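Peer 1: So that we are looking at the same thing, I have put the structure below in structure tokens.
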Amino acid sequence: MIKEFYAPYLLPDSEDVHFGDWMLADREDPTPLPAAMPDWVAGTDIAVERTISVDLNAVREDCGLSDDVVLNLSLTWIGRSSKIRRTLLTTEARDGEMTVSCTLPGEELGGIVDIATRLVVVDPGASPQPGVADMPGATLIKDVVSIALESDGSMFPVAVVNFVATTYPDQASWHLKTSTDLDANFGATYQVLINEADKKLVKAIESSNPTREEQVILDEMYSGVIEVVLEIALALRERGELEDGGYGEDTVGAVLTGLLRKLGDPDYLDFTDPRNFGLKRSRLQAAARSLSVGRIF
């Protein structure tokens, strides 16, 4: 739905831009994106699409913008629990109706996810007047749709704890609780614990709208977390303990095999040979980025 917000510049009428319903794009028949997806399988991508109609003349007139203004449609999502925020698509706004399609990466999803569509200023054009959006990035109109997935937490539930009172090193920023019980529920056994002494990380985790610096901190943490998970999966496979399938839904085994399958069943060298440690770490970092986890470049 269109979100009301206040800005120190003129905004378009809500009738100038029409947002069609989000639809699930991977179905044979058009299916509206539901408000809740209790049967969603953790780690599964969600492909969505919608139509958007923009009356550019009306937008320019209502906002006092010049004829040479450049506007973009920007699609983003954020997980309320994990605070992971990603840009799905940025494209120039065209007059009339257009269809936009994008995919939400399953490895980062969980709990409640907000999908935002914004009409933003890229170039305000010549000589903007007072009271007119004159800064690149200024939002003119915003539509936000929320979906609730399998639980009220992210793929990795997060908790802030006092590391001094635990067995974890008190200089560490975070710790991932894990399990090698392949039949255990993944969400119940894997949890990210945040050291309350790391004030910047705690602030980033608790922020409803992370700054760029906070998002970098979060990206760095989640990249490290997924690298640990991948390392566990590869080690178990190398020891012959992780089979290619046959695990129950949402189990540790199902999630680990699913991640390796998405990476194309990679080979990350001998885990016990010190000569391979540097290259192995680089490959794990690259694997996390290929899963859209961590800082993307």
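Peer 1: So, in nm, how far is label Glu249 from label Ala172 when the simple model puts each one 7 Å beyond its Cα toward the Cβ?
Peer 2: 3.3 nm
Peer 1: As a test of the formula, what do you get for the chain when each DSSP H run with n ≥ 4 contributes -39,500 (n - 2.57) and the sum is divided by the residue count, at 222 nm and rounded to the nearest 500 deg cm²/dmol? Please report the intermediate quantities before stating the final value.
Peer 2: Working: 6 runs with 72 residues, N = 297.
Mean residue ellipticity at 222 nm (helix-derived): -7500 deg cm²/dmol.
Peer 1: Let me ask something else. May I ask you to sort Thr44, Thr31 by Cβ crowding, counting other Cβ atoms within 10 Å and putting the fewest first?
Peer 2: Working: Thr44 15, Thr31 11.
The fewest-first ordering by Cβ neighbours comes to Thr31, Thr44.
Peer 1: Distance between the C-alpha centers of region 169-226 and region 29-85? Whole Å please.
Peer 2: If we compute the Cα centre of each part, the gap is 27 Å.
Peer 1: As a quick test, which of the pairs Lys200/Lys280; Lys142/Lys280; Lys83/Lys280; Lys199/Lys262 have an alpha carbon distance above 31 angstrom in this structure?
Peer 2: Numbers: Lys200/Lys280 29 Å; Lys142/Lys280 43 Å; Lys83/Lys280 28 Å; Lys199/Lys262 35 Å.
The pairs that break the limit, which is 31 Å between Cα atoms, are Lys142/Lys280; Lys199/Lys262.
Peer 1: Quick one: of the DSSP bridges fully inside the chain, what percent are antiparallel, nearest 5?
Peer 2: Details: 48 of 53 bridges.
Expressed as a percentage, antiparallel bridges in the chain total about 90.
Peer 1: Which three extents, in angstrom, do the Cα atoms of the chain have along their principal axes, listed largest first?
Peer 2: For the chain, the Cα spread along each principal axis is 66, 47, 35 Å.
Peer 1: Using a simple spin-label model with points 7 Å from Cα along the Cα→Cβ vector, what separation in nm is obtained for Ala36 and Asn276?
Peer 2: 4.7 nm
Peer 1: Also, quick follow-up: Over the chain, what relative contact order in percent results from Cα pairs under 8 Å that are six or more residues apart? All intermediate terms of the calculation are to be shown ahead of the outcome.
Peer 2: Working: 581 pairs, mean separation 49.5, N = 297.
Computed value for the chain: 17 percent relative contact order.
Peer 1: What residues qualify as long-range amide H neighbours of Val70, i.e. H under 5 Å apart, gap of 5 or more or another chain, H built at 1.01 Å from N?
Peer 2: When sequence neighbours closer than 5 places are left aside, the close amide H contacts are Val122, Asp123, Gly125.
Peer 1: So, one more: Which length gain, in nm to one decimal place, applies between Asp68 and Asn209 when the Cα-Cα distance is subtracted from 0.36 nm times their residue separation? Present the calculation step by step, with values, prior to reporting the outcome.
Peer 2: On the way: separation 141, 0.36 × 141 = 50.76 nm, distance 3.15 nm.
Full extension from Asp68 to Asn209 adds 47.6 nm.
Peer 1: Give, in nm to one decimal, the length gained when the segment between Ala47 and Ala126 is fully stretched (0.36 nm per residue of separation minus the Cα-Cα distance).
Peer 2: Details: separation 79, 0.36 × 79 = 28.44 nm, distance 3.86 nm.
Gain on extension, Ala47 to Ala126, equals 24.6 nm.
Peer 1: Just Pro130, Pro38, Pro12 to compare: in a GNM of the chain, with alpha carbon springs under 10 Å, which one fluctuates most?
Peer 2: For the chain, modelled as a Gaussian network with Cα springs under 10 Å, the answer is Pro130.
Peer 1: Give me the one-decimal nm value for the distance between modelled label points at Ala7 and Asp26, 7 Å along each residue's Cα-to-Cβ direction.
Peer 2: If labels sit at Ala7 and Asp26, their model points lie 3.4 nm apart.
All of the numbers you see were taken from the coordinates with simple rules; none came from a lab. Computed from a predicted model, the values in this text were never measured in an experiment. Don't worry about glycine lacking a Cβ; one is built from the backbone with ideal geometry, like all the others, and counts go over all protein chains shown.
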